Amino acid sequence: MSKIFAFHGGIHPPENKKQSTRAPIRLAPVPEQLVIPVQQHIGAPAKPCVKPGEHVLKGQVIAVAQGRISVSVHASSSGTIVEISPKAVPHPSGLDATCITIQTDGKDLWTEHQGLGDYRALERSSIIDFIRNHGIAGMGGAGFPTDVKLHLGDDHIVNTLIINAAECEPYITADDMLIRERADQIVGGIEIISYLLNPTHILIGIEDNKAHAIRVLEEALRSTTLNIDIVVVPTKYPSGGEKQLVQLLTGVEVPSGRIPADVGIVCQNVGTAAAIYQAVQHGIPLISRVVTVTGAAVSKPQNLEALIGTPLKTLLDTAKIKRDQLSRLVMGGPMMGFTIEDDGIPVIKTSNCIIAATQEEMPPAPPAQACIRCGLCEQACPAELLPQQLYWFAKSREFDKAKNHNLFDCIECGACSYVCPSNIPLVQYYRFAKNEIRTEEAEQRKADQARQRFEARQARLDQEKADKEARRKDRAVQAAKTQAAKKTATEAAEANPEDKIKQLKTAAAITRTKLKKALTALETAKVESSDNIAQLDLQYQQAEHAANDAQKALESAEQNPPPSLTIAPDIKQLKTQAAVARTKLKKAQQALKIAEEKSHDGAELLRVTVAQLEEKAKSAQKAFDNVDENAAHNSAAQETLPKEAALNAIDLKALKQNVSIMRTKLKKAEKAMELTEASSPEATELEQEISRLTQLHQQAKTQLDNEEARKTSIAAAQGVDLKKLKIDAALARAAVTKLERSIKKLQETAEPELNSPELDKLQSELAAAQQKATLLNNTLSQFE
Amino acid sequence: MALIRITSPHVHKPASTADIMRLVILATLPGVLAMTFFFGWGTLINILWAAFLALAFEAACIKARKRPLYFYLKDNSAVLTAVLIALALPPFAPWWLTMVAVFVAIVIAKQLYGGIGQNPFNPAMIAYALVLISFPVEMTRWTAPFMLHGEGWNVLGFIDTLQLIFGGWSEHADAFTSATPLDEMRHRGGLTTEEAWRASDVLANVGAWHAVSAAYVMGGIFLLYKKIFSWHTPAAMLLSLGAIATFFYLIAPDSYADPFFHLTVGGTMLGAFFIATDPVSSATSNKGKIWFGIGIGSLIYIIRTWGNYPDAVAFSILLMNLAAPFIDQYTQPRTYGHKAPKRGIKEKA
């Protein structure tokens, strides 16, 4: 006889076990429909592998284990799958879960099944897989997949195997009756478990209120070679609790938050042992179990071997339920079981007992009185907690303190509620507190994750912003470098006339080619006396202009290094223009001469053109002279304020407008010309008009060019690059807009008080940018 | 089928707070009988009068607080408080003294704190301490054990006692009063304990008090047997008082009373088994109860020996009531599966 180590607390509620042990275990009838939940165990639900309409045989797998902690589910009888849908299942929550409904055919035909025979010849892991595939989960109440526990030998040293036959809850006699009638199966199961875990000691813990079962078990143990000790423990609830039984039998406490295997102990229920035997020896999966059907509302309390999925109604009817007296239907024991409202709910692998209680048997709890801290709960608590303190903490929502008082070591056995003289539903308070704490922790975790995500995002955005800024700066630096390089290149080109001359030569060649083409076209047109002579003439003139321009530039480059940038371009341009005008004149004169010789029709027209060109050449020369003078004046007045320069300047805008008006008028005239007959007097008139307009346009354009050139030169004279200035102004304005936008965004999106330093920074930046932009705009307006 | 839907457990021990209170009242019976035997009808009359007052005050408060009247009155807690007050007061205490005490206990010490289960101090002891300080003359007029007069316990009839209590004090009554043994020991002047024992009539008849104490012990053992309270508080209290008394008695037997005297006179036994064990105002865990008891026992000796009052059970218990929540923080039991018990409240558990 082993020594017994008492655990703290415990209670002695009325046992009510005698009622259901009078009759032997009977087979419950096969119901018309079996409702088999795919999750009857702790862990992941099994995955259905059958379809509605499919015919299945008894013992056939209908749902396959998914994941590490899961077991398969089998058809309890032969029949047709009717549906796979959510239905009410035995669970305290009362929620529905996926169930496979089988319409039984009454034949109860077995699928092929075979045991492992001599399992000792096999690999341990293959036996364990076999057990998993035969749907075996703990039958004591929690339903933990048995194979997971049998694997514990892999990474734990298992010294002690405890077979739990305590069955401490009142009313329940399923294990008691199983031992009485099938002790050999249990011993066979223990042998298999022992082979798999190889423990040093095997202890069977059984309460002393099962004298018959103890005798039978002792008898059965004679047949085994294993050294198995039966440890009879005093009847006290909750000695069948895993932790309590471990302490009772070994004196070892399972550390808080750990499992017995951590101290070298594995516990298995007697029912589980028998199920393992049935699976390994006969290949019978877990498709039925012994259920105690008892309570004052049944006439014939007894133990029934029911198929998994059998509705409770079938069992209650078998036990002759008195429905008019039934007030509470409890699945499990009276201490830890849960109520069921619907007797259509099926028996599952963990259903060890159904209590059909009458009103007198389990009266509704009277109203709770005030706690007088009598401490009876503390004396009853098997976990050595301070239940009344936990109650106060739960009631006042001081969950920190409740946690500090080891709330989570509460096994919810209900001993404290049982003894409470004030009828306080203590366990309910602890469940509430535990749920609140779990919810709080879950929310905390969620908030932490959200915060981390936000911070990561913020960091990423900041990084992106910084990168962007860096890139922008890089670009700016690069641009500045390029600018500088260009400048250097230009300077170099200027310093190295050969390069420039080369360039200019190419340009001159191109323009000459263009000129030639234009000339050819013009002459062809003249020969054919085409309508578009004037147009071609204009093109020709432009080409000529370009060619001359290029030639001039080439010549000047060849003759002398480029003059200082200040006044050079426009003077050059003007010179070119004068030269162009002269050349044009010459050409026109030549053409006129040819025309006169050939007594061509267009001679008259050409004459007019020549006259015009003469005038144009004159005006170009004049403009050149003007600018030359101006330039001289400007260079003298380089020190004068830019404001003055701006005031003195001719309105550029007006000039531009003038040019565009001229262009429009010209176009109109040309259109009219196209519409009229070439030789008609109107045409001549129009042609004249066009020429006049062309001239006017040219004049206006020249004027504009002059003025612009002058402006640029003035700006340049003061060391201001107008182009650069414009770009800078645009950039400054863009910066202002950007800053405004980011400030607005910041104010809108984030909490202002959090970002106030950043906001202040941005605002000061904005002010600076605005100032800069205004300054640049002012400067720019002075030159425009 | 309208089935009840409720979470476990589904069975309940047929016991109630009222049962506990009734058992405690029942356990005072030997004490009540002894008191009546040695000190006359006054104790019984006081008990009835106090119980009536207690129920009346309790009912008034419950009504004022708009609580279900019968639900709270039937818990017997007010009656128990009344009985304990009546046992603590002098047997011939005038009616108004009892009334003041019961008023303080029920209205102020209990209901104003939120009723049953909410009072930080033992209501009977609050009441006793208040009337002791407020009415010292009446409180020190203890009844002389009737055996002193050689006329047996029924020297003053029931009607006479009623007249004495409700009709007012008369010169006649002075014949029946005397000091208590503790008073005698405290105010023995320059006498040694030895001389005091010889000189004092009261001390010569200390047997009456011993007998009353023994009756209380009987009641206490009954309650222990019924598991109404655990042994921790009374054992710790009596052992600490006895140990300290022994220590000083061994050092100077002439100056200090013997431990047996300390344990058997005054309110020691009543306090140990009926007052200190009041669960509402005492420490919670078994370990805590031991510290709680040690505190009471030590304070009783200190106040009796060096304080201003001859008896100190009420003050000691009240002081330890004050310390109980603190004790609770440091005396959590070691929970199953934990290496060490937790102490105090840590911010991060």
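Here are some notes:
- Which numbered condition A:VAL50 misses (of (1) out of contact with any Lys or Arg (no Cβ under 9 Å at 6 or more places or on another chain); (2) assigned to a loop (DSSP other than H, G, I, E, B); (3) more than 28 Å from A:LEU27 (Cβ to Cβ); (4) at pLDDT 90 or above): (3)
- Which listed residue is among the aromatic types (Phe, Trp, Tyr) and either at pLDDT below 75 or touching a Gly at 6+ places or on another chain (Cβ under 7 Å) (or both), from B:PHE146, B:PHE166, B:PHE158: B:PHE146
- Selection status of A:ARG373, at positive phi and surrounded by fewer than 23 Cβ atoms within 10 Å (Cβ to Cβ): no
- Among the residues listed as A:ARG471, A:ARG445, A:ARG475, A:ARG512, the single one being in contact (Cβ under 8 Å) with a residue 24 or more places away in the chain and not assigned by TED's automatic domain parsing to the domain that holds A:LEU390: A:ARG512
- Residue in segment A:93-116 that is of a type in the set (A, V, I, L, M) and in a helix (DSSP H, G or I) present: no
- The set of residues in segment A:7-25 that are more than 23 Å from A:THR358 (Cβ to Cβ) and over 54 Å from the mean Cα position of the chain (by Cα) comprises A:PRO24, A:ILE25.
- Filter result for the condition that a residue is in a helix (DSSP H, G or I), open to solvent by less than 10 Å² (accessible area, probe 1.4 Å) and hydrophobic (A, V, I, L, M, F, W, C), over B:ALA93, B:ALA105: B:ALA105
- Within the set A:CYS410, A:CYS420, the sole residue that is within 10 Å of chain B (Cβ to nearest Cβ), surrounded by 17 or more Cβ atoms within 10 Å (Cβ to Cβ), touching a Phe, Trp or Tyr at 6+ places or on another chain (Cβ under 6 Å) and of a type in the set (A, V, I, L, M, F, W, C) turns out to be A:CYS410.
- Test: residue in segment B:67-76 that is open to solvent by less than 20 Å² (accessible area, probe 1.4 Å) and either farther than 22 Å from B:PRO145 by Cα or at pLDDT below 95 (or both): yes
- Set A:LEU226, A:LEU245: member being within 14 Å of another protein chain (Cβ to nearest Cβ) and on the phi < 0 side of the Ramachandran plot: A:LEU245
- Checked against the criterion of being touching a Phe, Trp or Tyr at 6+ places or on another chain (Cβ under 6 Å), within 14 Å of another protein chain (Cβ to nearest Cβ) and under 28 Å from A:CYS413 (Cα atoms), the candidates B:ALA340, B:ALA283 yield just one match: B:ALA283.
- Total residues in segment A:363-378, condition assigned to a loop (DSSP other than H, G, I, E, B) and farther than 21 Å from B:PHE121 by Cα: 6
- Scanning segment B:1-60 for residues that are more than 22 Å from B:ASP75 (Cα to Cα), buried (at least 16 other Cβ atoms within 10 Å of the Cβ), within 14 Å of chain A (Cβ to nearest Cβ) and in contact with a strand residue (DSSP E or B) (Cβ under 9 Å, 6 or more places away or on another chain) gives B:LEU3, B:ILE4, B:ILE6, B:THR7, B:SER8, B:HIS10.
Results for (1) of a type in the set (A, V, I, L, M, F, W, C); (2) within 14 Å of chain B (Cβ to nearest Cβ), shown as yes or no for each residue.
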| site | (1), (2) |
| --- | --- |
| A:HIS8 | no, yes |
| A:ASN16 | no, yes |
| A:SER20 | no, no |
| A:GLU32 | no, no |
| A:VAL35 | yes, no |
| A:GLN40 | no, no |
| A:GLY43 | no, no |
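- For segment A:423-432, a residue qualifies if it is more than 9 Å from chain B (Cβ to nearest Cβ), out of contact with any Ser or Thr (no Cβ under 6 Å at 6 or more places or on another chain) and part of a helix (DSSP H, G or I), and the qualifying residues are A:TYR429, A:TYR430, A:PHE432.
- Scanning segment A:116-127 for residues that are in contact (Cβ under 8 Å) with a residue 60 or more places away in the chain and under 49 Å from the mean Cα position of the chain (by Cα) gives A:LEU116, A:ARG124, A:ILE127.
- Leading residue by the ranking (nearest to the chain's Cα centre (by Cα)) among those in segment B:299-349 that are exposed (fewer than 15 other Cβ atoms within 10 Å of the Cβ) and basic (Lys, Arg): B:ARG343
- Number of residues in segment B:307-337 that are away from chain A (no Cβ under 14 Å) and at pLDDT below 90: the value is 6.
- Which listed residue, of A:LYS322, A:LYS403, is out of contact with any Gly (no Cβ under 8 Å at 6 or more places or on another chain), facing chain B (nearest Cβ under 9 Å), without any contact (Cβ under 8 Å) to a residue 40 or more places away in the chain and open to solvent by 10 Å² or more (accessible area, probe 1.4 Å): A:LYS403
- For beta carbons closer than 8 Å, sequence separation of 6+ or different chains, a first residue in segment A:521-534 that is modelled with pLDDT under 75 and a second that is surrounded by fewer than 19 Cβ atoms within 10 Å (Cβ to Cβ) and acidic (Asp, Glu), the qualifying pairs are A:SER529/A:ASP601; A:ASP531/A:GLU674.
- Checked against the criterion of being modelled with pLDDT under 90 and over 18 Å from A:ASN198 (Cβ atoms), the candidates A:SER223, A:SER239 yield just one match: A:SER223.
- Among the residues of segment A:229-242, the one identified as open to solvent by 40 Å² or more (accessible area, probe 1.4 Å) and within 13 Å of chain B (Cβ to nearest Cβ) is A:GLU242.
The values are calculated or read from the model by the stated rules, or taken from the named source; none is laboratory data. Predicted model only: the values in this text are computed from it and were never measured. So basically every Cβ, Gly included, is an ideal-geometry build from the backbone, and we count neighbours across all protein chains shown. For accessibility, only protein heavy atoms count, side chains too; no ligands or nucleic acids. Shrake-Rupley method; radii C 1.70, N 1.55, O 1.52, S 1.80 Å.
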